[in-house]
Each structure stands twice: as C-alpha cells, then as structure tokens.
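Read the structure below first, then the notes.
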Amino acid sequence: MRRLALVFCLAASLTAPAMATQKDPALDGLFDRLRTVTDPMQARLLIQAIWETWTASDDSALDALMARGLGQIQARDLDGAVATFTTLIEKAPEFAEAWNKRATVQWMRGDFDASVADIQRTVALEPRHFGAWSGLGMILEDREQYDGAVRAFEECLKHNPHAEGLRDHIEDLKRKAARQKT
C-alpha cells in the first residue's frame, strides 16, 4: 500500500507544468480547500493542481529544464535527470520542486543521504510539500528510524489529509517505535 501511494505521488508529480512554483499565491487557497474538501475526486483534483503549481515556473528556460528532467525520469535516465535537476537548482536555487525532483531521483538511485539532503531543502522552501514529507518518511522507515518516520508522515498528513492509508500506517510505525524502545 505504501509503495502504491509513492507511485501515485510520483505519477502525480510528473505532470506537465501549468502555473508558477511554491511562491504562487493560489497555493494558499488550494491548501485551504484540500484541508476541508470531503469528496475524493475533488481532493485528487486539488492535489493535482498543487503539483502542477509546484512544478511550473514563469520562466520558459526553467520550465524546459523541468520538462527535460521529467522526461529523463520517465526514460529511466537517472544520471541525466540528476544532472538536469542540478542545473535547474543552480539557475533557480529557490525553486523547491527542482530540489524535490532531484530528491526523488536520488531516492530512485538508492542515494538516500543525498535524497534526504534535497528533501530538507525542499521543505525549507515549501514547508507544506507533502510529497517531500512522505518521501522522508519512507526513507526513515526503511532505516528503521520509526519516530522520525512518524513525524514526517504526520507532517505529510497535516498538509494532505487525503493521503490514503497513511493514518493506519502511522499507527503501525508508532507500535514499531515503541517495540524498538523496549
């Protein structure tokens, strides 16, 4: 179930750009609606709109780099994707989604330390980035750092209360953390 949720988040994050990064003022309204909506289809549409907003910039050169990196991910050219997202980060260091995309690729490559570093930068720039929080939770869980994983997944839920199955998963992790302490 957790891996299926990751695949869904990754697929949603690979959408075409449409708006203007984490600085877009429309995000506040999207997040407000996401916290209160009860219809699952509306929630999915809001999540999609958030991802599209995060993924786009108002600069065609940056958007072209994002599109190239996304294509490289889809083609499984992970080294190329890291290089492209690194270039994007160098050109726009405040572009949170560039950091998040590189974190995703680093995770796919198995470089979890690099992924965590990029996730930390992502959430410093966009504290509501539920995708980054979820990714951090998965890495910490894989490292059996259950308390940290719980905190990361709870942060994900705070911003995206529609993350399927995450509440039950958090409870499982809390039990693992308690057993780990005994």
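Can you tell me which of Asp63, Asp77 is over 18 Å from Ser134 (Cβ atoms) and in contact with a Ser or Thr (Cβ under 7 Å, 6 or more places away or on another chain)?
Asp63
Conditions (1) touching a Leu at 6+ places or on another chain (Cβ under 8 Å); (2) within 26 Å of Gly29 (Cβ to Cβ), marked per residue:
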| site | (1), (2) |
| --- | --- |
| Asp58 | no, yes |
| Asp63 | no, yes |
| Ile73 | yes, no |
| Lys91 | yes, no |
| Ala96 | yes, yes |
| Trp99 | yes, yes |
| Val105 | yes, no |
| Gly110 | no, no |
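Would you say Glu52 is within 16 Å of Glu126 (Cα to Cα), modelled with pLDDT under 95 and in contact with a Ser or Thr (Cβ under 8 Å, 6 or more places away or on another chain)?
When the stated conditions are applied, Glu52 passes them.
Here are Met66, Met41: which of them is surrounded by fewer than 16 Cβ atoms within 10 Å (Cβ to Cβ), modelled with pLDDT of 95 or more and either not in a loop (DSSP other than H, G, I, E, B) or not basic (Lys, Arg) (or both)?
Answer to the check: Met41.
Exactly one of (1) modelled with pLDDT under 95; (2) among the small types (Gly, Ala, Ser); (3) surrounded by 12 or more Cβ atoms within 10 Å (Cβ to Cβ); (4) assigned to a helix (DSSP H, G or I) is unmet by Ala11. Its number?
Looking at each condition in turn, Ala11 falls short on (3).
What number of residues within segment 108-122 satisfy the criterion of being closer than 23 Å to Glu154 by Cα and either surrounded by 23 or more Cβ atoms within 10 Å (Cβ to Cβ) or of a type in the set (Gly, Ala, Ser) (or both)?
6
To keep it simple, each residue is scored yes or no on (1) among the basic types (Lys, Arg); (2) modelled with pLDDT under 95; (3) touching a Leu at 6+ places or on another chain (Cβ under 9 Å).
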{"residue": "Phe130", "(1), (2), (3)": "no, no, yes"}
{"residue": "Ser134", "(1), (2), (3)": "no, no, yes"}
{"residue": "Arg151", "(1), (2), (3)": "yes, no, yes"}
{"residue": "Cys156", "(1), (2), (3)": "no, no, yes"}
{"residue": "Asn160", "(1), (2), (3)": "no, no, yes"}
{"residue": "Asp168", "(1), (2), (3)": "no, no, no"}
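Based on what the data block shows, is Trp54 aromatic (Phe, Trp, Tyr), buried (at least 21 other Cβ atoms within 10 Å of the Cβ), under 17 Å from the mean Cα position of the chain (by Cα) and under 24 Å from Val150 (Cβ atoms)?
When the stated conditions are applied, Trp54 does not pass them.
Any idea which of Leu30, Leu34 is without any contact (Cβ under 8 Å) to a residue 60 or more places away in the chain and either closer than 20 Å to Ala163 by Cβ or part of a helix (DSSP H, G or I) (or both)?
Leu30
Going by what's in this entry, would Trp133 be described as under 19 Å from Ser57 (Cβ atoms), aromatic (Phe, Trp, Tyr) and surrounded by 24 or more Cβ atoms within 10 Å (Cβ to Cβ)?
It is false that Trp133 is under 19 Å from Ser57 (Cβ atoms), aromatic (Phe, Trp, Tyr) and surrounded by 24 or more Cβ atoms within 10 Å (Cβ to Cβ).
The values are calculated or read from the model by the stated rules, or taken from the named source; none is laboratory data. Keep in mind it's a predicted model, so treat the numbers as computed, not measured. Don't worry about glycine lacking a Cβ; one is built from the backbone with ideal geometry, like all the others, and counts go over all protein chains shown.
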